[in-house]
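Take a look at the structure set out below.
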């Protein structure tokens, strides 16, 4: 199943195009994903017992996925800054156990850095605040 997914990613990557006007195209990331995923899939097919026993599913990854899903739903409605600040504070506080002040400080720095990187340096038109 995993090998089929890797092959599908690779085929889809070529359909999307690897370059566009001399820049990386939309198919580049799926191609990289398939190139990294295929050897793992082959390893699992050839020698599944060498990877060790399966571990029980923990709640932390599921909680992280839920937080990211809420973040993705909030971005179009609330802009970039507020959801990113809230996500980072919650993530650092809950998943890394840092203090509230440390979480807020790091979140403000990371959000400001992301705004500078995407909006100013790369010129990506990211809506920063909720649309009025």
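Filtering the stretch 93-111 to residues that are touching a helix residue (DSSP H, G or I) at 6+ places or on another chain (Cβ under 8 Å) and surrounded by 12 or more Cβ atoms within 10 Å (Cβ to Cβ) leaves 93, 94, 95, 98, 102, 103, 104, 106, 107, 108, 110, 111. Residue 77 meets all of the listed conditions (1) in contact with a helix residue (DSSP H, G or I) (Cβ under 8 Å, 6 or more places away or on another chain); (2) exposed (fewer than 12 other Cβ atoms within 10 Å of the Cβ); (3) touching a residue at least 24 places away in the same chain (Cβ under 8 Å) but one, namely (1).
Residues of the stretch 29-53 that are over 23 Å from the mean Cα position of the chain (by Cα) and surrounded by 12 or more Cβ atoms within 10 Å (Cβ to Cβ): 42, 43, 44. Considering the conditions (1) at pLDDT below 90; (2) in contact with a helix residue (DSSP H, G or I) (Cβ under 9 Å, 6 or more places away or on another chain); (3) more than 30 Å from residue 131 (Cβ to Cβ); (4) exposed (fewer than 15 other Cβ atoms within 10 Å of the Cβ), residue 6 is excluded by exactly one of them, (4). Among the candidates 47, 72, 54, which residue alone is closer than 27 Å to residue 11 by Cβ, out of contact with any helix residue (DSSP H, G or I) (no Cβ under 8 Å at 6 or more places or on another chain) and at pLDDT below 85? Only one candidate qualifies: 47.
Identify the residue in the stretch 14-28 that is within 25 Å of residue 41 (Cα to Cα) and over 18 Å from the mean Cα position of the chain (by Cα) and, among all such residues, is surrounded by the fewest Cβ atoms within 10 Å (Cβ to Cβ).
Going residue by residue through the stretch 14-28, those that are within 25 Å of residue 41 (Cα to Cα) are 14-18, 26-28.
Add one more test, that the residue is over 18 Å from the mean Cα position of the chain (by Cα), and what stays is 14-18.
Details: 14: 11, 15: 9, 16: 15, 17: 12, 18: 13.
This residue is 15.
The combined condition, being under 30 Å from residue 127 (Cβ atoms) and surrounded by 14 or more Cβ atoms within 10 Å (Cβ to Cβ), is fulfilled by residue 90.
Please find, among 108, 94, 124, the residue that is under 19 Å from the mean Cα position of the chain (by Cα) and part of a helix (DSSP H, G or I).
Result: 94 is the single residue among 108, 94, 124 that is under 19 Å from the mean Cα position of the chain (by Cα) and part of a helix (DSSP H, G or I).
The values are calculated or read from the model by the stated rules, or taken from the named source; none is laboratory data. In this text the structure is predicted, and so the values were computed from the model without any measurement. Backbone-built Cβ (ideal geometry, glycine too); neighbour counts: all protein chains shown.
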